[in-house]
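> Got a structure for you, questions after.
Every number here is computed from the coordinates shown, using simple stated rules; none is lab data. All of these numbers come straight from a predicted model, not from anything done at the bench. Cβ placement follows ideal geometry from the backbone for every residue including glycine, while neighbour counts extend to all protein chains displayed.
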Amino acid sequence: MPLDSLDLAGDLSVHIKTKGNFLPSKQKFPVTEADLRLDNGSIQTKYYPHPLEKIQVAARITSRNGSMKDLGIALTPVSFMFEGQPFTMKADLQNFSNLRYSIVSRGTLDLGRIVKVFALTDYTISGLVDTRLSLRGLQSDATQGHYDRLFNEGSLKVKDLQVSSELFPLPFMIHTGLFRFNQDKMWFDAFDASYGRSRFALNGWLSDVIGYMSDKKQPLKGSFDLTSDYILADQLMAFAGTSTPAKPAATGGAVTSGPTAGPTTTSTKTPAQKASSSSLPISTSPSTQESKGSNTTASTSIASRAASASIRASFASTPPALGSPARRSR
């Protein structure tokens, strides 16, 4: 089935019967019975010489009473092969009023090549992500703290992940990194990242990730240690000389870009061994940051040959005015 710059192939079977309105605020979903199956599928575009191939999709969507409570979505499975790397995901999602989930993912994704297939131009990304995930549980158990009833385990390994965007003059690079999932926690292990000449190491964890993803009012908690042997501050000032000072928020600090997605409580320790700006060496002491909700309190001390200073600041994120661009803190 050739389209403009796109060739699709495979055996596709679709059966859909649906009636009603989709009103999430009222927990309504159309009465639906839908089956989709694709065998031996492939996608070839003019932007990349090799296709996504061996695509297998088996999906079923049902809602017999027209409600989010009896809505079920099953993927059994979705799989494909790309550049010799297989990827498979199975999912069973039931009762979207109190989600019962079972998700299994296995395989390796070459993000750089996948981006080239679809010619995404807003940003450039490359690197490998290896998934070995098994997530199973009930939304209410996650939100109510019954973590012993959850069965979340597995990992996401990241290697040579590089992201470039027109918003920043230099690419972000994650040389190595490991996400580990264990019950309610997602661990960040040995993240080795760099931006220009600045290099960072990140370790820590987030808890109640499943509860937060299913209910944005649920608090997301975490703790991180960010360390660096060297920070070149000049390269981190992406908008220096082009942006206008942000107006202080009601709490007396800088305004960040856009609203927060939900309540968060995190603590961060950031010792930097050396920092510099415009070839002037700067020494730093460990900084701390504590966040609760949309409010953050941070403190650090910086010293150079000419002067020294200690900084403690509080700030909050607020949504930009409707129709106006988001403001960035400096």
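> When the dipole is taken about the Cα centre of the range 31-71, and only Lys, Arg (+1) and Asp, Glu (-1) are charged at their Cβ, what size is it in debye, to the nearest 20?
80
> Let me ask something additional. Name the residue farthest towards the positive end of the dipole of the range 1-106 from the options M68, G41, I103, assuming +1 on Cβ of Lys and Arg, -1 on Cβ of Asp and Glu, about the Cα centre.
Most positive-ward Cα: M68.
> Report the one residue of I210, L161, L135 whose Cα lies farthest in the direction of the positive end of the charge dipole of the range 122-218 (charges on C-beta: Lys and Arg +1, Asp and Glu -1; origin at the Cα centre).
Of the candidates, L161 comes out farthest on the positive side.
> Still on this model: Below 14 Å, Cα to Cα, which aspartates and glutamates can K46 reach? Residues fewer than 8 away in the same chain don't count.
Partners found: D4, D7.
> Provide the FRET efficiency to the nearest 0.05 for the S134-D70 pair, computing r from the beta carbons and using R0 = 22 Å.
Once rounded, the FRET efficiency stands at 0.30.
> How do T176, T143 rank when sorted from fewest to most other Cβ atoms within 10 Å of their own Cβ?
Going from least to most buried by this count: T176, T143.
> Counting Lys and Arg as +1 and Asp and Glu as -1, each charge on the Cβ, what is the dipole of the range 122-218 about the Cα centre in debye, to the nearest 20? Could you put the intermediate results ahead of the total?
Details: 11 positive and 12 negative charges, 23 e Å.
Dipole size: approximately 120 debye.
> Moving on to the next point. Among the listed pairs K54/K185; K54/K217; K17/K185; K69/K185; K19/K116; K159/K221, which are separated by more than 31 Å between their Cα atoms?
K54/K185; K54/K217; K17/K185; K19/K116
> Could you state the number of Å between the C-alpha centres of the range 12-72 and the range 133-160?
25
> To continue, here is another question. What spacing in nm lies between the two simple spin-label points modelled at N98 and K17, each 7 Å away from Cα in the Cβ direction?
Placing both labels 7 Å along Cα→Cβ, they lie 3.0 nm apart.
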